[in-house]
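One structure below.
The values are calculated or read from the model by the stated rules, or taken from the named source; none is laboratory data. Predicted, not measured: the structure shown is a model, and the values here were computed from it. Here the Cβ positions follow ideal geometry from the backbone for every residue, glycine too, while neighbour counts run over all protein chains shown.
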Amino acid sequence: MDITWKIGGEAGFGIMTTGLAFSKIVSRLGYQIFDYVEYPSLIRGGHNAYEVHVSHENVSHLKPEVDVLVCLNKETYTKHQSSLTKKSYVIYDEQEFTVDGDFVKINVPFKKILADLKGQMIMKNTIALGASLSVLGAEIDELIKILEDQFSKKGEAIVNFNKNFANAGYDHIKNNYSKKVLKFLTKRESSPSLVMTGNDAFSLGSVIADSRFYCAYPMTPSSTILTTMASWAEKVGLVVRHAEDEIAAINTAIGASFTGVRASVGTSGGGFALMVESLSFAGVTEIPIVVFIAQRPGPATGMPTWTEQGDLLFAVHAGHGEFQKIVLSASDIEEMIEVTAEAYNLAEVYQMPVIVMSDMYLSEGHKSITKKFIDDFITNYKVNHGKLLKEITNGKSQITNEDQNSNNKTKNYLRYKITEDGVSPRLIPGTPGHYYQANSYEHLEDGHTTEEAQPRLNQVNKRARKWDTYLKIDFKPPKVYGDLDKAEVVFVSWGSNKGAVIEAQKQLKDKTNTAFINFTHLYPLNKKIILPFFKENKKYILVENNSWGQFGKLLLQETGIEIKEKILRYDGRTITPEYIIKNFKF
Amino acid sequence: MEERLRRNILLKILNFKLKIMSSIQDFTGYSPTWCSGCGDHGIGIAIKQALVQMNLTPSDLAVVFGIGCSGNMNDFLNAYAIHSLHGRALPNAIGIKLTNHRLPVIAVVGDGDCYGEGGNHFIHACRGNHDIKVLVHDNGVYGLTTGQSAPTAKQGYKSKSTPSGIIEIPINPLTLAISSGATFVAQSFAGDPAHMIQTIKAAMNHKGFALVNVLQPCVTFNKINTYQYYLQRVYKLGGDYKKDDFESAMIKSLEVNKEKFPLGIIYQVQKLSYHDHLPQIKSEALVAKNRFIEFDKITKDFI
């Protein structure tokens, strides 16, 4: 059994905090969650809604029906009544507005409770949480704990004051609707879970990967990485800079990475557009950098708080000149941790920019993941600095003959040494007895500027070989869900659509045999590895959250595979299982 | 214990001797390709001389070069270096400083580079009092792109990009820096190597953001701001000049608008640098720290 709980109210009155508190409480009770926020690009005055899909099992999609709708204002009811069924519970205050329709009406006198207990508007949320837990048959303990954690710094009186509102909501249901109480959220035995967004996962993945420097300019929906990293800075030992603009952000990170520290930047499409010049700079200087892009609908300012996958081709082709980069994407929270940590290794091993693609839906929605997953991942993850000459002392001991220049002019070290795999050893600046320059001009092996034809060819070819090496060693094929051999219909997608596609597969089970090919390593693509996934006599359907079918174009460009059937969505909303099924043509 | 002490002292002496051994030659890379008579020659020599006098070796510092004639020093000066993009040297320099604050960090940039393309970075580097030394070659023109007018060009200056004379008034780098929060603001002249060496050393020894705006004749494209022009208009600040007073420094810096060019330290105050405010790198540079592994300290926030 699974249910969806949704709360809505005016922007600026704590809906986000309340929704997250609900997700955490439910997770602590032993359930899995997947949540999503809807909000306009306003601080006050708009409508906010927070939806939590609760299940006994791992869940990573939204469902169309809302089972419990908490209406803190009339607009919540008006906007979301279409997702109600006869069995849905609607929590509202009869004193403020009336609702009519065939569903279970739960009247909670928010206004009266606030007046009786002398509370402020924002405490409506606490009453709502108490009432919600009561309706769903949960104990109130975890809510009380959350309030204690939140307010303990302000003293016991404040803690108790807030508890009163939780209890008032909780008891009101017990006293008036005891027969209607659902027996859903009884505490279950389960291993501890964490409730995280995609942005949280990128932040955690960065720390696991020993990334120590983050620089950004705020831009929805990437901003919470900046705020999370900043809040960890002193505890973890990170330096986080809120720069004057995105150009400064990426250039500060490039400077940081030059010194040997793992560094990253995060932004959305518009901010990334400003970074592009320097992506090319990182490409030719071969300075590792991780760039996180949380996509939102463009062009230009677009729809800042909604979702889309419209920047894939931009990311793939970003930058002037021909240089190497790797583009990865994550499909869910667990994968975001894995892909992020992998991105830092790839950036250092191949000394090139690595872009991690997310979107608003993945970046800002929470999902529960087990603590065990994280612990196991940390145990198994190895930081790989690639060819980094770190331990050089007095210049001689660790630099091999291979790294030496025969005419000895550059004190033995060649930053851009021609190698078979294209990767040249890096040296930490400050190492005594040496020096080198990371040069944005085309350069010789020792870093000096050149305009000669042959050295130019040598360096272009050297850099190109890094891609060959990557495709041979570190490119990962797409993951397949379902049985590709038996399938008649095969969905092809990437990024946050995964949860919806897998749920659609389940719902289509009786109608047809489906498989799902999901890509994480988006660019460059290894044609040889990918071709076998595309067989004759099967119907392939591209599923993307954009209007061009951008990954389809990329696949065609890189492998010659053309997927003619497409399910695309570009109204700012995410792909849902229902959307796939509705647009699915047999 | 005593043995170790003796060894340490010995090492220090040895180290000192090694450092003394650094020479102009150590810093000398390729031969400069600047025009004959270009002010950049003097600046290049002054930088090397200052570094040698400070007992630094090319391995001891990081230099970020912008793009322009000034930035072309990348091939002529040996050091750990980034030859950056046009306008972006300052954020690169800040990134280096924040991750390895034990390294002295210099940015060698031009006026178009630093006050035009990178103008926003300049203001914010001043604001942050980032501990970087910014040496600006201020010649009023874009030399490398054959002589278009730069942000410091005098109003009315005729160039290929402003054939009827530039409409905008010039940027005053000194006033801009002082008002933006720079804690060391100096001006020097490419025709006075001794003054440049002295000023660059003072900038290097300053803790915090330092600007050295070097008035630099471009003999090929700028026929107004010549050596003669500057020789008639520069003067050295006297020993009685109070460099730590914000308001008098602002007034002093405004003399540039009247084509009077004070040379020396216009403004200097002691304040904490940006990185001094970060307790996480108080004992060690970020690059030298041990890896953080107490992951439960952050995962607990998500339960």
**Asked** Does residue A:243 satisfy the criteria of being touching a Ser or Thr at 6+ places or on another chain (Cβ under 6 Å) and of a type in the set (A, V, I, L, M, F, W, C)?
**Response** yes
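Mind checking which strands (runs of 3 or more DSSP E) fall wholly inside region A:1-86 and carry at least 1 residues that are more than 24 Å from residue A:333 (Cβ to Cβ) and in the same structural domain as residue A:138 (by TED's automatic domain parsing)?
A:2-10, A:47-55, A:66-71
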**Request:** Determine if region A:171-182 includes at least one residue that is buried (at least 18 other Cβ atoms within 10 Å of the Cβ), assigned by TED's automatic domain parsing to the domain that holds residue A:116 and not in a loop (DSSP other than H, G, I, E, B).
**Result:** yes
**Complete:** Exception for residue B:173 within (1) buried (at least 24 other Cβ atoms within 10 Å of the Cβ); (2) under 27 Å from residue A:285 (Cα atoms); (3) out of contact with any Ser or Thr (no Cβ under 6 Å at 6 or more places or on another chain) falls at (2)
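Conditions (1) under 22 Å from residue A:74 (Cβ atoms); (2) of a type in the set (Val, Ile, Thr), marked per residue:
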{"residue": "A:104", "(1), (2)": "yes, yes"}
{"residue": "A:119", "(1), (2)": "yes, no"}
{"residue": "A:126", "(1), (2)": "yes, yes"}
{"residue": "A:129", "(1), (2)": "yes, no"}
{"residue": "A:160", "(1), (2)": "no, no"}
**Request:** Kindly list the number of the only condition in (1) assigned to a helix (DSSP H, G or I); (2) buried (at least 24 other Cβ atoms within 10 Å of the Cβ); (3) away from chain A (no Cβ under 11 Å); (4) not hydroxyl-bearing (Ser, Thr, Tyr) that fails for residue B:68.
**Result:** (1)
**Message:** If I ask for residues that are within 14 Å of chain B (Cβ to nearest Cβ) and hydrophobic (A, V, I, L, M, F, W, C), which ones from region A:433-468 would you list?
**Reply:** A:438, A:444
**Asked** When region A:413-432 is examined, which residues are found to be within 14 Å of chain B (Cβ to nearest Cβ) and either buried (at least 16 other Cβ atoms within 10 Å of the Cβ) or aliphatic (A, V, I, L, M) (or both)?
**Response** A:413, A:415, A:416, A:426, A:427, A:428, A:429, A:430, A:431
**Prompt:** Here are B:90, B:51: which of them is within 20 Å of residue B:207 (Cα to Cα), facing chain A (nearest Cβ under 9 Å) and either modelled with pLDDT of 95 or more or surrounded by fewer than 22 Cβ atoms within 10 Å (Cβ to Cβ) (or both)?
**Reply:** B:90
**Asked** Of the residues that make up region A:259-280, is at least one out of contact with any helix residue (DSSP H, G or I) (no Cβ under 6 Å at 6 or more places or on another chain), over 15 Å from residue A:222 (Cα atoms) and buried (at least 24 other Cβ atoms within 10 Å of the Cβ)?
**Response** no
**Request:** Give the number of residues within region A:196-237 that are facing another protein chain (nearest Cβ under 7 Å), outside any helix (DSSP H, G or I) and either out of contact with any strand residue (DSSP E or B) (no Cβ under 7 Å at 6 or more places or on another chain) or surrounded by fewer than 24 Cβ atoms within 10 Å (Cβ to Cβ) (or both).
**Result:** 1
**Prompt:** Considering region A:281-294 alone, what residues qualify as being touching a helix residue (DSSP H, G or I) at 6+ places or on another chain (Cβ under 6 Å) and away from chain B (no Cβ under 11 Å)?
**Reply:** A:288, A:290, A:292, A:293, A:294
**Complete:** Exactly one of A:37, A:52, A:90 is in contact with a strand residue (DSSP E or B) (Cβ under 6 Å, 6 or more places away or on another chain) and closer than 18 Å to residue A:138 by Cβ, and that residue is A:52
**Item:** residue A:265, sole failed condition from (1) touching a residue at least 24 places away in the same chain (Cβ under 8 Å); (2) away from every other protein chain (no Cβ under 14 Å)
**Value:** (2)
**Complete:** Scanning region B:267-295 for residues that are over 21 Å from residue A:263 (Cα atoms), assigned to a loop (DSSP other than H, G, I, E, B) and among the polar types (S, T, N, Q) gives B:270, B:273
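A quick yes/no check of all residues on (1) away from chain A (no Cβ under 14 Å); (2) out of contact with any Phe, Trp or Tyr (no Cβ under 6 Å at 6 or more places or on another chain); (3) closer than 30 Å to residue B:161 by Cα; (4) assigned to a loop (DSSP other than H, G, I, E, B):
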residue: B:194; (1), (2), (3), (4): yes, yes, no, no
residue: B:204; (1), (2), (3), (4): yes, yes, no, no
residue: B:220; (1), (2), (3), (4): yes, yes, yes, yes
residue: B:250; (1), (2), (3), (4): yes, yes, no, no
residue: B:265; (1), (2), (3), (4): yes, yes, no, no
residue: B:297; (1), (2), (3), (4): no, yes, no, no
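Is one or more of the residues making up region A:434-456 outside any loop (DSSP other than H, G, I, E, B), crowded, with 22+ Cβ neighbours inside 10 Å and hydroxyl-bearing (Ser, Thr, Tyr)?
Checked region A:434-456: no residue is outside any loop (DSSP other than H, G, I, E, B), crowded, with 22+ Cβ neighbours inside 10 Å and hydroxyl-bearing (Ser, Thr, Tyr).
Take the conditions without any contact (Cβ under 8 Å) to a residue 24 or more places away in the chain and either touching a Ser or Thr at 6+ places or on another chain (Cβ under 7 Å) or not basic (Lys, Arg) (or both) and apply them to residue A:152. Does it pass?
Against the criterion (without any contact (Cβ under 8 Å) to a residue 24 or more places away in the chain and either touching a Ser or Thr at 6+ places or on another chain (Cβ under 7 Å) or not basic (Lys, Arg) (or both)), residue A:152 qualifies.
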**Item:** Boolean, residue B:56 is at the interface with chain A (Cβ under 10 Å from one of its Cβ atoms) and either closer than 24 Å to residue A:446 by Cα or hydrophobic (A, V, I, L, M, F, W, C) (or both)
**Value:** no
**Item:** Qualifying residue in region B:72-85 (condition: over 30 Å from residue A:215 (Cα atoms), more than 9 Å from chain A (Cβ to nearest Cβ), in contact with a Gly (Cβ under 8 Å, 6 or more places away or on another chain) and in contact (Cβ under 8 Å) with a residue 24 or more places away in the chain)
**Value:** yes
**Asked** Within region B:277-284, is there a residue that is within 14 Å of chain A (Cβ to nearest Cβ), hydroxyl-bearing (Ser, Thr, Tyr) and surrounded by fewer than 19 Cβ atoms within 10 Å (Cβ to Cβ)?
**Response** yes
